[in-house]
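Chemist: To start, I am sharing the structure in question, which I have written as structure tokens.
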Amino acid sequence: PAFSDWAEQLMKSGLVGHGQGNTPLVLDLGGRLYLRRYWEYEKSILHFIQERAKTVLPDINYPRLTRDVQKLFKPPSPGKTDWQKIAAIMAVTRSFSVISGGPGTGKTSTVAKILALLLGQYEDKQKLRILLGAPTGKAASRLQEAIISTDLLQKTIELPQATTLHRMLGTIPHSPYFRHNTENHLAADVIVIDEASMVDLSLMAKLMQAVPDLTRLILLGDRHQLASVQPGSVLGDI
């Protein structure tokens with residue numbers, strides 16, 4: 001049947017709506033048919049990004065940030081843009097940022113510099129609460145090792161043990177929900193998630209729901225690699 005006939009029959013079924021109410025299926029204006037739960041996950045992620053990406057965080061010491069950026073990043077070659085430096089400044093001043101690139105493009109070293117810049121904003125460096133996570137235990141271990149190996153943070157602060165996203169959020173046995181959620185936020189000032197291309201729609205939505213308003217969420221990954229097993233190519237879509 002023609003698409004218009006399909007859409008008409010779906011809307012007549014009583015099981016499909018355009019988002020209002022509580023129909024089990026949602027047909028959006030682009031003609032995509034969703035299970036309601038996944039439609040709500042997508043809307044939740046969209047709302048988080050729209051709210052966080054446009055907000056510049058308060059209480060930033062810009063003279064100190066300028067000084068520390070000049071220390072950590074060499075002046076770029078004439079006519080060149082230092083995208084790592086731009087990514088670092090954005091990650092310090094905004095509560096949501098994405099650092100994407102293939103292997104060897106310096107994602108992890110950039111994050112180490114971001115953490116160093118953030119530490120420079122704190123007189124008492126131990127007050128900066130950092131969470132490091134990844135979809136799998138192996139990826140979490142690699143993130144920890146890579147950041148420690150940069151030498152920037154050694155003897156400055158004791159980094160927390162990187163962990164899986166499920167452990168970070170607090171798995172509840174025999175339940176799709178987590179202990180940390182919209183009512184019980186994660187206790188962190190900055191959350192770094194590596195291999196974000198592997199994070200599916202449901203898990204990304206639940207992570208974002210657990211991030212406090214003034215906490216920085218930094219996603220690292222390569223949109224061309226390691227797609228999620230469950231539905232949703234969230235990093236690629238972002």
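Chemist: Can you name the residue in region 186-238 that is touching a His at 6+ places or on another chain (Cβ under 6 Å) and within 24 Å of LYS113 (Cα to Cα) and is also modelled with the highest pLDDT among such residues?
Modeler: LEU186
Chemist: Restricting to region 104-115, name every residue that is of a type outside the set (Ser, Thr, Tyr) and either open to solvent by less than 10 Å² (accessible area, probe 1.4 Å) or within 19 Å of the chain's Cα centre (by Cα) (or both).
Modeler: Taking region 104-115 and keeping what is of a type outside the set (Ser, Thr, Tyr), we get 104, 106-107, 111-115.
Matches in region 104-115: GLY106, LYS107, VAL111, ALA112, LYS113, ILE114, LEU115.
Chemist: Suppose the filter is in contact with a strand residue (DSSP E or B) (Cβ under 9 Å, 6 or more places away or on another chain) and of a type outside the set (A, V, I, L, M, F, W, C); does HIS174 pass it?
Modeler: No, not satisfied.
Chemist: Follow-up. Given the condition without any contact (Cβ under 8 Å) to a residue 40 or more places away in the chain, within 20 Å of ALA196 (Cβ to Cβ) and open to solvent by 50 Å² or more (accessible area, probe 1.4 Å), answer yes or no: does some residue in region 118-128 qualify?
Modeler: Among the residues of region 118-128, not one is without any contact (Cβ under 8 Å) to a residue 40 or more places away in the chain, within 20 Å of ALA196 (Cβ to Cβ) and open to solvent by 50 Å² or more (accessible area, probe 1.4 Å), which makes the answer no.
Chemist: Can you work out which of the residues in region 83-103 that are open to solvent by less than 20 Å² (accessible area, probe 1.4 Å) and of a type in the set (Ser, Thr, Tyr) is nearest to LEU65 (Cα to Cα)?
Modeler: THR93
Chemist: Considering region 183-200 alone, what residues qualify as being of a type in the set (S, T, N, Q) and under 16 Å from the mean Cα position of the chain (by Cα)?
Modeler: Scanning region 183-200 gives a single hit, SER197.
Chemist: Report, by residue number, each residue of region 73-117 that is of a type in the set (Lys, Arg), under 16 Å from THR150 (Cβ atoms) and without any contact (Cβ under 8 Å) to a residue 40 or more places away in the chain.
Modeler: LYS74, LYS85 - these are the residues of region 73-117 that are of a type in the set (Lys, Arg), under 16 Å from THR150 (Cβ atoms) and without any contact (Cβ under 8 Å) to a residue 40 or more places away in the chain.
The values are calculated or read from the model by the stated rules, or taken from the named source; none is laboratory data. All of these numbers come straight from a predicted model, not from anything done at the bench. Methodologically, a virtual Cβ is constructed for each residue, glycine included, from the backbone with ideal geometry; neighbour enumeration extends over all protein chains shown. Just so you know, the surface numbers come from the protein's heavy atoms only, side chains and all, with ligands and any DNA or RNA stripped out. Shrake-Rupley method; radii C 1.70, N 1.55, O 1.52, S 1.80 Å.
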